[in-house]
1. What are the lysines whose alpha-carbon lies under 28 Å from the alpha-carbon of LYS311, with same-chain residues fewer than 8 places away excluded?
2. Going by amide H atoms built from the backbone, whose H comes under 5 Å of the H on GLY36, apart from near neighbours?
3. Go through LEU464, ALA475, VAL446 and say which Cα lies farthest out towards the positive end of the charge dipole of region 440-485; charges sit on Cβ, +1 for Lys and Arg, -1 for Asp and Glu.
4. Determine, for SER117, SER123, the number of other Cβ atoms within 10 Å of each Cβ, and report the residues in order from fewest to most.
5. Cα to Cα, under 23 Å, and not fewer than 8 places away if on the same chain: which lysines meet these conditions relative to LYS453?
6. Where does the chain land at 222 nm, in deg cm²/dmol rounded to the nearest 500, when only DSSP H runs of n ≥ 4 count, each adding -39500 (n - 2.57), divided by all residues?
7. Ordered by residue, what ³J(HN,Hα) values in Hz, to whole numbers, does region 476-481 give under the Karplus form 6.51 cos²θ - 1.76 cosθ + 1.60, where θ = phi - 60° and Gly and Pro are x?
8. For every other residue with a beta carbon closer than 13 angstrom to the beta carbon of GLY208, add +1 if it is Lys or Arg and -1 if Asp or Glu, then tell me the sum.
Amino acid sequence: MRGVIKDAESILVLDTIHGGRIIEEELRSLGKEAVGMNPYRTLYPPPRRFDLIISPVHLNPSLLQKILMRIRGTRIHDTRTADKGDEGDERSRGTEEDGMAVITHHDAVREIAIATSVFECVSAVVEVTGTSAKTTVCEMISQLLSPNRVLSLTSAGFRYWCDERRTLPLRLSITPASILKAMRYAEAEGLEVENAIFEVSLGLTGIGDVGVITTLHPDYKIAGNTKNASDAKLSSLRNFRGILVTSESFPESAYDGVINIASKHLRLFDDATNATNATNATNDNSEDELLKAVFNLKTLKGTIKGNFTFKCEMKNDFYRNAAELAITAALSLGVQPENLSRRLRAVDHRMSVKKFRGRILIDNSNSGTNLKFLHHVEALADTAAVHVAEGEQCRGAGDSERVLIIGEESEYVCEGVDAEELRSVIERKYDDFCSIIVVGEKFRDVISCKREKIIVVKSLDEALDNAVKRTREGAIIISNVKTWQ
């Protein structure tokens, strides 16, 4: 074992809700004296000294400081700032002699993974983080590699890919510690894993051979509104040594290793004239868009240059951008183009378009959705509603009734929808839709339900039922609810 954990005997693990319990159990298996604590319920840790504190990046620093003051009544040495070589915050950082070290959950997962050799039999690991499109990129990488044995963990589910996709009966979040839980499950079930793909919240753990940062914008605040999420993601690169795949707007100075920039080192072009290279597509659907990937990349096995043609089920910028990142990541592993799947399918509940009870459903209801993404979903409705999933023709989007479904199923999500932001969206979009259906009883008091177009319901299923009842066949339903799917 190497790192901070190696020299620590007694360790306090904060936030047992978001992965801390998994870390605590892993530390005990390594012979450490680990104590888990839920800082949202109590500020009273055991009255004793700890050699190390493991804290999530999203924890409010003032809350962390209160806990540490109760433990020792002194300042701490926070390796999360010290590793960057700056002076840090003197309220939460002292000298190494007078304080305990603090590392993040991301740091701890990396050290534990190395110490326990959980990836010993895995050929390659990919981690994906970012503001948006994380799940879609992960699912697309898994599709591309699916002729091999792939284990994937995303907000969309925990899955094993071997010729066909199988959802595993273990519900896990995308907190960093879930990586360890996923690998333990695969080991216990005897699953042979060649490639492991993980969606990770708020940064990379550093265990990946290839790391992907999809986007850093739109940025948002974390840790009690004290820091930007983008800073946490960039800071996580200090432990990463693999090939970084990212978008064109990424600040290249943030990482001193190999960077493959999608849309620069790999670009996609329409290729309607050349279908011969896509003959091994899983479904010869004429409605799929034929694209050509042209690339010049550094990989784990050397430089690769060339092109190949593939089919993409969805015809919009969101999926094209996600495909660029996914193909760049897959090729960065050193996989030859001829060994990749040649058809990329839409991901359920991620900017997907399908026929739903005679209507067209633009489905972007998932745990990571945001009202800020609504204009992208509306743009998709304008262009993609012409076709349903089976390729059947449907009435043009401009001629159809439209229903907007927004809100949250609060029991399924950690960070909910802001009520004032939701009310603002309703005011701006009121004239654009024949009905606006809000999911979540908590919003009833903050919006006016007296207007005929607006109703409030308890669940997404109830909202979809109401959308069908309020429209005729051919209508367009836009579903952008924050929920676990």
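1. Within reach: LYS134, LYS264, LYS292, LYS298, LYS301, LYS354, LYS355.
2. VAL13
3. The residue sitting farthest along the positive end of the dipole is VAL446.
4. Fewest to most other Cβ atoms nearby, the residues stand as SER117, SER123.
5. Within the straight-line limit of under 23 Å, LYS453 reaches these lysines: LYS372, LYS429, LYS442, LYS469, LYS482.
6. -7000 deg cm²/dmol, from helical runs alone.
7. 10, 10, 9, 10, 9, 9
8. Around GLY208, the charge tally is -1.
Every number here is computed from the coordinates shown, using simple stated rules; none is lab data. This structure is a prediction, so every number in the text was calculated from the model and none was measured. Reconstructed Cβ throughout: ideal geometry from the backbone, glycine too, with neighbour counts over all protein chains shown.
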